Each structure stands twice: as structure tokens, then as C-alpha cells.
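The values are calculated or read from the model by the stated rules, or taken from the named source; none is laboratory data. Model, not experiment: these values are computed from the prediction. FYI the Cβ positions are ideal-geometry reconstructions off the backbone, even for glycines, and counts take in every protein chain you see.
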Amino acid sequence: MNILAIIHERPPCSGVFADSAAERGDSIEEWSLAWGSPPALPLDEYGAIMIFGGVMDTHEEKDHPWLVDENALIQTFIDRSVPMLGICLGGQLIAKAAGARVSRAPFPEIGFIDVELLPDAREDPLLTGLPDRIAALQWHSYRFDLPAGAVPLARNDTCLQAFRLGHVAWGFQFHAETTHADWNGWVDAWDAIPDADRTNFEPVHLKAEATRHIRRWNEIGRDISQRFLTLAEERLRQRANGRPFHTRARR
């Protein structure tokens, strides 16, 4: 299966999701609308879409005019029920394309932060089987509202943390894809910016915390991405056979 990973930073960005794709024999292509060139394949040849994070925000079209085209592209994927998994900015972009508000959070969430899974997560194809409360890796200062008709899956006191839109699109605020090396690189890069927002940013603590928790977190990330790709493959197969598609939680 061909997977299109829409990215907003220098590649590679797919983290442990790339491990899941490789294990399945899938092909993942990282691509950005900011490059001004099309992806390698026609869009209808991708069986799944992943949308990753970035330092820009959803409303910054003046600085990043390609965000307008990305919003339209995501709306097309939603209309066509293409399987999508959006992470952080990616989740916010899916929410915005679906008509939901994206706004500044009361404070940045950075590091491993508790998230409560909501009742519908127990039967969700990607999240079933996880504990009711998990420490999820975060780095964001904006949050999404729940799109109309979507199912809330996780939240904490700061914001909604995950939703499912329709049968095959998800938005996560937390970084289920991030490797240990990626995380340390983000911390170092942010620490090197003289005027960066230091709210909740403690480099030594963030690195030590990741050393303690990243292995388990990466196991969760690989499992989530495996489930997503399996679901996307099933959808491709059922569409090819002309059968209706139904999601089922894997136990």
C-alpha cells in the first residue's frame, strides 16, 4: 500500500510510524505542499494519509500561503473518506478542514502529560485496549475543538486530545510517532532559539523524562500506526470489491 505523509518540517518526520509501514511492506512518501511540486503518485493511488506536526499554526496563511491549498486538499480527503491520521498540527488541520475552531491553548503542553481516554475510545479501532489514563508525549500551544459529528476519544484539563471523524479519519494532539532521537533534536533546536517561548520548557527535565518513558510510548505509537494501516488496507480491499466499509475495534 502507498502511504502519503504530509510533512511541515525537514524530513524524516514519520518516526515510528515508518517502522510500522516497513514491517508491513508498505511504501511511505514524505511530501510537503510547501515544496511546490506534486507527490510522486496521483493522489488516488495512496491508500492512507498521515499528516504530521510543524512549528507553524493553522491560521498563518500569510506566512505560509500553501496552507490554503493544504486545507482544500484535506477537505477533499474527508469528502472521499480517505483514511487519515493527523498528529498535532496535522490533527488541528483536519479539525479546521472539517469546520472546527483551532485556538491557542491556555498554556503550552510539552513533555509527557496525562491524557484521559473517553468511553468511545474503548471501541475505537486505534485506541482500544489502552489504559483509561496514559502519559502522552506532547508539544503544542494550540488546540482543536471537536468537529461537528466527530467522536471525542481523549482529553485532559487543557484540551481535547483526540477525535475520530467519520469512520476513517483521526486527529491526535499528542505525538504518537516521535522517536527518542527526534525528541532530543526538538529540545535542542528550541533551546537554541534566543526568543523562544520558555513556558513549560525545561530541557534537562524533558530529556530525562523521555529517557524514562519513550520506549513504552514508542510501543504504543507503533501499535496505533499498525492498526491505522491495517484499517486503511481493509478499506482499499473492500472498495475494490464494491463492498461497504465498516470499522471494527481490534482486541
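Could you check, for the range 207-228, whether at least one of its residues is within 21 Å of Tyr142 (Cα to Cα) and surrounded by 20 or more Cβ atoms within 10 Å (Cβ to Cβ)? Within the range 207-228, none of the residues are within 21 Å of Tyr142 (Cα to Cα) and surrounded by 20 or more Cβ atoms within 10 Å (Cβ to Cβ).
Listed here are the residues, each with its yes/no results for (1) in a strand (DSSP E or B); (2) crowded, with 22+ Cβ neighbours inside 10 Å.
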{"position": "Pro38", "(1), (2)": "no, no"}
{"position": "Asp63", "(1), (2)": "no, no"}
{"position": "Asp69", "(1), (2)": "no, no"}
{"position": "Ile94", "(1), (2)": "no, yes"}
{"position": "Ser103", "(1), (2)": "yes, no"}
{"position": "Pro106", "(1), (2)": "yes, no"}
{"position": "Leu126", "(1), (2)": "no, yes"}
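Looking across the range 190-228, the residues that are at pLDDT 95 or above and among the aliphatic types (A, V, I, L, M) come down to Val204, Leu206, Ala208, Ala210, Ile214, Ile220, Ile224. Note on the range 74-109: among residues that are of a type in the set (A, V, I, L, M, F, W, C) and free of Cβ contacts under 8 Å to residues at least 60 places away in the same chain, the one that is nearest to Arg237 (Cα to Cα) is Ile74. Pairing each residue of the range 9-28 that is under 12 Å from Gly221 (Cβ atoms) with any residue that is of a type in the set (Phe, Trp, Tyr), provided the two are 6+ apart or on different chains, yields C-beta distances under 8 Å for Ser14/Phe52.
Filtered by the rule that a residue be of a type outside the set (Gly, Ala, Ser) and touching a residue at least 24 places away in the same chain (Cβ under 8 Å), the range 216-229 gives Trp217, Asn218, Ile220, Arg222, Ile224, Gln226, Arg227, Phe228, Leu229.
Can you name every residue in the range 135-164 that is hydrophobic (A, V, I, L, M, F, W, C) and under 13 Å from the mean Cα position of the chain (by Cα)?
Keep residues of the range 135-164 that are hydrophobic (A, V, I, L, M, F, W, C), which gives 135-137, 139, 144, 146, 148, 150-151, 153-154, 159-160, 162-163.
Answer for the range 135-164, where residues must be hydrophobic (A, V, I, L, M, F, W, C) and under 13 Å from the mean Cα position of the chain (by Cα): Ala136, Leu137, Trp139, Phe144, Ala162, Phe163.
Sort out which residues of the range 4-14 are touching a strand residue (DSSP E or B) at 6+ places or on another chain (Cβ under 9 Å) and of a type outside the set (A, V, I, L, M, F, W, C), and write them in order of number. Of everything in the range 4-14, those that are touching a strand residue (DSSP E or B) at 6+ places or on another chain (Cβ under 9 Å) and of a type outside the set (A, V, I, L, M, F, W, C) turn out to be His8, Pro11, Pro12, Ser14.
Output the residues belonging to the range 214-245 that are of a type in the set (D, E, K, R) and either assigned to a helix (DSSP H, G or I) or at positive phi (or both). Answer for the range 214-245, where residues must be of a type in the set (D, E, K, R) and either assigned to a helix (DSSP H, G or I) or at positive phi (or both): Arg215, Arg216, Glu219, Arg222, Asp223, Arg227, Glu233, Glu234, Arg235, Arg237, Arg239. Is one or more of the residues making up the range 169-190 surrounded by fewer than 15 Cβ atoms within 10 Å (Cβ to Cβ) and over 21 Å from Gly54 (Cβ atoms)? Looking for residues that are surrounded by fewer than 15 Cβ atoms within 10 Å (Cβ to Cβ) and over 21 Å from Gly54 (Cβ atoms), one finds none in the range 169-190, hence no.
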